[in-house]
Amino acid sequence: MNYVVAVIPPQSVQEVANSYRKRYDPQYDVICPHIKLTEIFYADSDQMGKIHQFLRQVANETAPFTVKHHKVGHFHPTNNVIYLAIQDEEPFIALQRKLYASPYMSTERLYSYVPHLTIGQKLSDDELHDVYGQLRMKKLELEYTADCFHLLKEMEDKTWRIYQTYPFNP
């Protein structure tokens, strides 16, 4: 089965993200708004016990942290993705480093890690510039505490669901 580890923002932030995603993200109905911490990885049922143990350990070693989405960004020309940027990326980068210490996480990554919340993807160049031009003018102040991460599992219908939640150590 395919899995990914991610932080899922609170409902109020998901609603803001989804207000854009339903128009600009073809993955809108496949996965909830999230900040990915790992690339997708494959694990069979025999590995899951050790993976759960490792993820519990990482979560227990992590304190809750504040997340502030302060602007809209994009990855053009590398990738036609528009996202809600994160003001202080360091807690996500540190958490990702811990997660990739596991032998179960592939060390192969397509891009440098930039923590973000995708609100649009697979846009044409013109559409990306038009949408980004409109959104970059909007004032954005979304703040919450990340107090856990989730293991998401890809289902048979290609949608992603929360499989397990790992609370941080307060």
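Looking only at the stretch 155-168, which residues are in a loop (DSSP other than H, G, I, E, B), open to solvent by 70 Å² or more (accessible area, probe 1.4 Å) and touching a residue at least 60 places away in the same chain (Cβ under 8 Å)? Walk me through it before giving the result.
Taking the stretch 155-168 as the starting set, the residues that turn out to be in a loop (DSSP other than H, G, I, E, B) are 155-159, 168.
Next, from what is left, pick out any that are open to solvent by 70 Å² or more (accessible area, probe 1.4 Å): 155-158.
Correct list: K158 only.
Can you spot a residue in the stretch 40-54 that is part of a loop (DSSP other than H, G, I, E, B) and crowded, with 18+ Cβ neighbours inside 10 Å?
Among the residues of the stretch 40-54, not one is part of a loop (DSSP other than H, G, I, E, B) and crowded, with 18+ Cβ neighbours inside 10 Å, which makes the answer no.
Looking at (1) at pLDDT 95 or above; (2) surrounded by 15 or more Cβ atoms within 10 Å (Cβ to Cβ), which is the only condition E90 fails?
(2)
Select from the stretch 32-73 the residues that are basic (K, R) and over 15 Å from the mean Cα position of the chain (by Cα) and list them in ascending order.
The first filter runs over the stretch 32-73 and keeps only residues basic (K, R), leaving 36, 50, 56, 68, 71.
Once the filter is applied, which keeps residues that are basic (K, R) and over 15 Å from the mean Cα position of the chain (by Cα), the stretch 32-73 yields K50, R56, K71.
Which of the residues spanning the stretch 78-100 are closer than 28 Å to Q53 by Cβ and either in contact with an Asp or Glu (Cβ under 8 Å, 6 or more places away or on another chain) or in contact (Cβ under 8 Å) with a residue 12 or more places away in the chain (or both)? Before the answer, list the steps.
Step one: filter the stretch 78-100 for residues closer than 28 Å to Q53 by Cβ, giving 89-100.
Once the filter is applied, which keeps residues that are closer than 28 Å to Q53 by Cβ and either in contact with an Asp or Glu (Cβ under 8 Å, 6 or more places away or on another chain) or in contact (Cβ under 8 Å) with a residue 12 or more places away in the chain (or both), the stretch 78-100 yields E89, P91, F92, I93, L95, Q96, K98, L99, Y100.
Yes or no, residue by residue, for (1) out of contact with any Lys or Arg (no Cβ under 8 Å at 6 or more places or on another chain); (2) at pLDDT below 95; (3) of a type outside the set (A, V, I, L, M, F, W, C):
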| site | (1), (2), (3) |
| --- | --- |
| I8 | yes, no, no |
| Q11 | yes, no, yes |
| V16 | yes, no, no |
| V30 | no, no, no |
| I35 | yes, no, no |
| E39 | no, yes, yes |
| Y42 | yes, yes, yes |
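Out of all the residues in the stretch 114-145, which are open to solvent by less than 90 Å² (accessible area, probe 1.4 Å) and assigned to a strand (DSSP E or B)?
Passing the criteria: H116, L117, T118, I119, G120, Q121, L142, Y144, T145.
Restricting to the stretch 63-113, count the residues that are of a type outside the set (A, V, I, L, M), farther than 19 Å from Q27 by Cβ and in a strand (DSSP E or B).
Within the stretch 63-113, residues that are of a type outside the set (A, V, I, L, M), farther than 19 Å from Q27 by Cβ and in a strand (DSSP E or B) number 5.
So for the stretch 31-39 (the condition being within 14 Å of A146 (Cα to Cα) and open to solvent by 60 Å² or more (accessible area, probe 1.4 Å)), does at least one residue qualify?
yes
Would you point out which residue out of T145, T78 is out of contact with any helix residue (DSSP H, G or I) (no Cβ under 6 Å at 6 or more places or on another chain) and more than 20 Å from H34 (Cα to Cα)? I'd like the intermediate steps shown before the answer.
Working: T145 fails: more than 20 Å from H34 (Cα to Cα).
Result: T78 is the single residue among T145, T78 that is out of contact with any helix residue (DSSP H, G or I) (no Cβ under 6 Å at 6 or more places or on another chain) and more than 20 Å from H34 (Cα to Cα).
Out of everything in the stretch 55-71 that is closer than 16 Å to E89 by Cβ and among the basic types (K, R), what residue ends up being least open to solvent (accessible area, probe 1.4 Å)? Let's see the steps before the verdict.
Taking the stretch 55-71 first, the residues closer than 16 Å to E89 by Cβ are 62, 65-71.
From what's left, among the basic types (K, R): 68, 71.
Details: K68: 83, K71: 108 Å².
Among those residues, the one meeting the criterion is K68.
Please verify whether L152 is surrounded by 11 or more Cβ atoms within 10 Å (Cβ to Cβ), modelled with pLDDT under 95 and closer than 20 Å to P33 by Cβ, treating the condition exactly as stated. Break it down stepwise before answering.
Numbers: surrounded by 11 or more Cβ atoms within 10 Å (Cβ to Cβ): yes; modelled with pLDDT under 95: no; closer than 20 Å to P33 by Cβ: yes.
No.
The values are calculated or read from the model by the stated rules, or taken from the named source; none is laboratory data. These numbers were taken from a predicted model, which means no experiment stands behind them. Glycine gets a Cβ as well: all are built from the backbone with ideal geometry, and neighbour counts include every protein chain shown. Each accessible area value is taken on the protein alone, full model and side chains, heavy atoms only, with ligands, DNA and RNA left out. Shrake-Rupley method; radii C 1.70, N 1.55, O 1.52, S 1.80 Å.
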